[in-house]
Every structure is written in C-alpha cells, then in structure tokens.
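These notes concern the structure reproduced below.
The values are calculated or read from the model by the stated rules, or taken from the named source; none is laboratory data. All values reported here derive from a predicted model rather than from experimental measurement. Glycine also receives a Cβ, built like all others from the backbone with ideal geometry; neighbour counts cover every protein chain displayed. All accessible areas refer to the heavy atoms of the entire protein, side chains included, with ligands and DNA or RNA removed. Shrake-Rupley method; radii C 1.70, N 1.55, O 1.52, S 1.80 Å.
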Amino acid sequence: MTAQSGLVIANFGQTLLVEAGDGTSRPCVARKSIGQAVCGDRVLWQAGRGGAHGAVIAIETRHSLLARTDARGKSRPLCANIDQLIMVTSPVINHSLIDHYLVTAELLGLGMVLVVNKMDLADETRTMKLRDEMAGYRAMGYELRLVSARTQRGLPELDALLKDRTSVFVGESGVGKSSLLQALLPDHEIRVGALSEASGKGRHTTTSTLLFHLPHGGDIIDSPGVREFRLWNIRAAELAQGFREFRSFLDDCRFRDCVHDGEPDCAVNHACEQGKISRQRLESYRAILHGLPAEKYD
C-alpha cells in the first residue's frame, strides 16, 4: 500500500483522524514503533483495506512540541508544530500564571499573544487599570489584545494574529477560551460533530485534542491537556532564560550557578533594584523557581 502525507487533525486516544491531501479525513491507528503522534503532526500514512482504519507509519520532523510533564518527570506530548500560544485571561489578572506560560513560550521558541477576554464586564476605570497592569508585557514586546467573545470586540484584530499560524489556546478555566473559539469559528459545533462522526467515536470529544482550520487562514488546536500543563522538566538555569528581560544580566552575576534568589552580587537582583526589571516579575520568577523539584537546581 502506497504511503501518503497527511496532517493529524484529531486525537481520540487510540484513534487519530488524519487529513489527506485532498481534504478528506481518515481514521487511523499509529504503529507503536513510531512513538506517539499528536494533533498538528505531519505524518506518513497508509489507507486500510476494506474500510478498515488506516495506519500511521511515520511522524515527520517536528519544528515544535508542547508536552505535559508531571511531577515524576514523565512527559506526554500534547500537540506539535505550533507557532504560538494564545494565553487567555479575564480582566482579573493572574500574573503568576501569565508568566508561567510566557516562560513556556520563550523556552520553546514560540510566539505569545496575551488575550484579555470578557472586556464587556470591565468598566472604563477597570480598563484603564488593566492597561497599566499589562503595560510591562507590551514593553517587552508581547502582543496584547483586549477582546469580548460576547460582543465581538477585538476579534478581527485577534483573527489577524492567528492568520497563517498554528495556535493553541491556554489559560485557566472560566476565562472564556471555548467562547472565543466559537466566536472565531461560528460553525464550531458542526465541525466537532463532523470530526466525531469521521472518527467513529460519536460526540464524545471533551477529552479529545482537535485541530480547526480558520476561515481566513491558520489553525487552532484545542487541547484539554493544557489545563494541567505546568513547568516541571526544566532546570533553574533554563527558567531564568525564560524571562526575556533577565538575559542581558545573567552573565554578570558573581557566581556562575546563581539562581537569582538572594545570592550576593546577583546582577538580576541589582537590575531589579535599579528599576530595569520589575519587582513583580522577579517575585514571579522566584515563585516558579521554588515550585521546581529540588533536583532541578543542580
């Protein structure tokens, strides 16, 4: 059977849905020898005989991989070949969580867009305060969009940032990620039903990872696994690299193994005292640092 190239657009556990070059979707099972294929993977696959599931026989080279690592260090891939994270929050800002995902994007070499949803609930005073709260991120070069899925505010500008890129929405429950997805994809429920039917899995998609093509170009991967995504499998030195404004000071610390947590002659701490690094960001860094397993300090 001739192998052909395809794109994994749904992951239902043991069953993958692969989009062929002609736009049709075929349920497939991956060979155990190739590892775990995930949404966003470019793969080689072969059609099954007599209506049977096809077989994914190889995973093409990935340019990025988002994986979830638990406290025991076991890694599980979530999605591949993504270009950017879309961090969705409400007008009540959780800076610690934002910084957590910013580090993730920096270490993976991904773009990052900060999206504040539910702006229809924020009055003028709250909006002005919010802009002040987020000004530091904008000054570091991160994209910021204030939107409302309910009123459609800011959605054309957000859609423009998604065009021709593969994005993953991340953020806490209750901030409106699903509402945003439905606003950007008005036929979202129809698409979910079509993917479920094509896979033979019915409509049980709440624990499935799905890839959607945007009308104006670009893809969105919707993965429930990102709700539990946390930084575990990194070391303290890597964490500091994930704070982009720290980088120009890291080589100036007195000790080569400085983790910027109160050591003498720490250049990062001095930069904070001089106003070159915000106190909030340094405290956020230290909070993440203290949450790493002890062996990651080595």
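Contact annotation: residue pairs with Cβ atoms under 8 Å, 6 or more positions apart or on different chains, pairing a residue in the range 35-54 that is closer than 14 Å to residue 81 by Cα and among the charged types (D, E, K, R) with a partner that is in a loop (DSSP other than H, G, I, E, B) and open to solvent by less than 40 Å² (accessible area, probe 1.4 Å), are 41/81; 42/81.
Would the range 65-80 turn up any residue that is among the β-branched types (Val, Ile, Thr) and under 18 Å from residue 40 (Cα atoms)?
Taking the range 65-80 and keeping what is among the β-branched types (Val, Ile, Thr), we get 69.
Checking the rest, the ones that are also under 18 Å from residue 40 (Cα atoms) come to none.
No, every residue in the range 65-80 fails to be among the β-branched types (Val, Ile, Thr) and under 18 Å from residue 40 (Cα atoms).
Would you confirm whether or not the range 260-270 contains a residue that is within 30 Å of residue 86 (Cα to Cα), surrounded by 18 or more Cβ atoms within 10 Å (Cβ to Cβ), of a type outside the set (S, T, N, Q) and at pLDDT 95 or above? Yes, the conditions are met somewhere in the range 260-270. Against the definition (part of a strand (DSSP E or B) and open to solvent by 60 Å² or more (accessible area, probe 1.4 Å)), how does residue 145 come out, yes or no? No: the conditions fail for residue 145. Filtering the range 6-19 for residues that are assigned to a loop (DSSP other than H, G, I, E, B) and of a type outside the set (Ser, Thr, Tyr) leaves a non-empty set.
Which of the residues spanning the range 244-277 are among the polar types (S, T, N, Q) and either part of a helix (DSSP H, G or I) or within 23 Å of residue 109 (Cα to Cα) (or both)?
Answer for the range 244-277, where residues must be among the polar types (S, T, N, Q) and either part of a helix (DSSP H, G or I) or within 23 Å of residue 109 (Cα to Cα) (or both): 248, 269.
Has the range 41-54 got at least one residue that is polar (S, T, N, Q), touching a Cys at 6+ places or on another chain (Cβ under 6 Å) and not in a loop (DSSP other than H, G, I, E, B)? No, the range 41-54 contains no residue that is polar (S, T, N, Q), touching a Cys at 6+ places or on another chain (Cβ under 6 Å) and not in a loop (DSSP other than H, G, I, E, B).
Which ones in the range 103-115 are out of contact with any helix residue (DSSP H, G or I) (no Cβ under 8 Å at 6 or more places or on another chain) and in contact (Cβ under 8 Å) with a residue 24 or more places away in the chain? Within the range 103-115, 104, 108, 109 qualify.
Highlighted here are the helices (runs of 4 or more DSSP H) found entirely within the range 151-227 that include at least 3 residues which are modelled with pLDDT of 90 or more, within 24 Å of residue 120 (Cα to Cα) and of a type outside the set (Lys, Arg): 155-162, 177-184. Criterion applied to 87, 112 was being touching a Leu at 6+ places or on another chain (Cβ under 7 Å), open to solvent by 10 Å² or more (accessible area, probe 1.4 Å) and either under 30 Å from residue 293 (Cβ atoms) or of a type in the set (Gly, Ala, Ser) (or both), and the one residue passing it is 112.
Just checking, which of 55, 80 is surrounded by 14 or more Cβ atoms within 10 Å (Cβ to Cβ), under 19 Å from residue 16 (Cα atoms) and at pLDDT 95 or above? Let's see the steps before the verdict.
On the way: 55 fails: at pLDDT 95 or above.
Only one candidate qualifies: 80.
Going by the structure shown, is residue 66 within 25 Å of residue 170 (Cβ to Cβ) and of a type in the set (A, V, I, L, M, F, W, C)? For residue 66, the condition - within 25 Å of residue 170 (Cβ to Cβ) and of a type in the set (A, V, I, L, M, F, W, C) - is met.
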